[in-house]
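What follows is one structure encoded as structure tokens, with my remarks underneath.
The values are calculated or read from the model by the stated rules, or taken from the named source; none is laboratory data. Model, not experiment: these values are computed from the prediction. We place every Cβ from the backbone using ideal geometry, glycine too, and count neighbours over all the protein chains shown. Quick note on the areas: whole protein, heavy atoms, side chains included, nothing else; ligands and nucleic acids left out. Shrake-Rupley method; radii C 1.70, N 1.55, O 1.52, S 1.80 Å.
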Amino acid sequence: MWLLQNPERIPEVARTAVLNNAGGHVNHSLLWRAMAPGKGGEPTSALADAIKRDFGGLEKFKARFDEAGEKSFGSGWVWLARVQPDGGRLQVCTTSGHDNPLTQGHFPILVNDLWEHAYYLKHENRRGSYLKGWWPVVNWEEAARRFERSDHSAERDWEDKGGALLAVTV
Ligand SMILES: [Fe+2]
């Protein structure tokens with residue numbers, strides 16, 4: 001995570017390769033935690049209120065997320081992210097390759113993988129059906145936890161403490 005937030009500290013000769021690999025690791029770590037068996041349903045608490053405020057409701061948010069994911073060209077990721085570190089609104093965005101919204105100062109709340117390897121075995125090239133079929137395994141508790149975490153993002157280590165990578169960082 002630190003690498004993604006401090007690219008200027010990586011030697012230029014290795015910067016692109018390091019960022020691609022670090023981004024792939026970070027994004028997949030977020031993805032694994034965004035899902036769990038027997039989950040799905042609806043978000044609760046502050047995240048539910050924010051989704052209603054910024055998208056007009058859960059179904060409208062899902063439709064926008066699916067549409068953005070389907071329209072995104074090539075390999076990448078689709079995100080629910082909080083626009084600013086401190087109390088910003090929610091937005092749906094996509095990134096290409098292994099880019100992460102953190103590099104633009106946006107806090108990732110929920111993510112799905114748009115690389116073809118994520119869905120080809122089950123859905124072949126039908127990315128839209130893959131995106132629609134993903135919601136029943138979304139772990140809204142984890143998304144809500146990340147949303148609450150984003151309130152404290154003024155702290156210098158806002159992403160490291162309780163952030164995406166605590167469980168996978170050795
Ligand atoms: Fe992937």
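A few points about this structure:
- In region 27-63, residue farthest from the ligand (Cβ to nearest atom) [restricted to those that are more than 15 Å from Glu142 (Cβ to Cβ) and in contact (Cβ under 8 Å) with a residue 40 or more places away in the chain]: Ala50
- Positions within region 30-53 being surrounded by fewer than 19 Cβ atoms within 10 Å (Cβ to Cβ) and assigned to a helix (DSSP H, G or I), in sequence order: Leu31, Trp32, Ser45, Ala46, Ala48, Asp49, Lys52, Arg53
- Residues that are within 16 Å of the ligand (Cβ to nearest atom), farther than 21 Å from Arg89 by Cα and exposed (fewer than 14 other Cβ atoms within 10 Å of the Cβ) occur in region 7-20; there is at least one.
- Residue within region 78-88 that is free of Cβ contacts under 8 Å to residues at least 12 places away in the same chain, open to solvent by less than 60 Å² (accessible area, probe 1.4 Å) and hydrophobic (A, V, I, L, M, F, W, C) present: no
- Checking Asp66 against (1) more than 16 Å from the ligand (Cβ to nearest atom); (2) within 21 Å of Ser150 (Cβ to Cβ); (3) open to solvent by less than 70 Å² (accessible area, probe 1.4 Å), the condition it does not meet: (2)
- Residue in region 95-121 that is modelled with the lowest pLDDT, counting only those that are in contact with a helix residue (DSSP H, G or I) (Cβ under 7 Å, 6 or more places away or on another chain) and away from the ligand (no atom under 14 Å from the Cβ): Thr103
- Filtered by the rule that a residue be crowded, with 16+ Cβ neighbours inside 10 Å, acidic (Asp, Glu) and more than 22 Å from Trp2 (Cβ to Cβ), region 89-129 gives a lone residue, Asp113.
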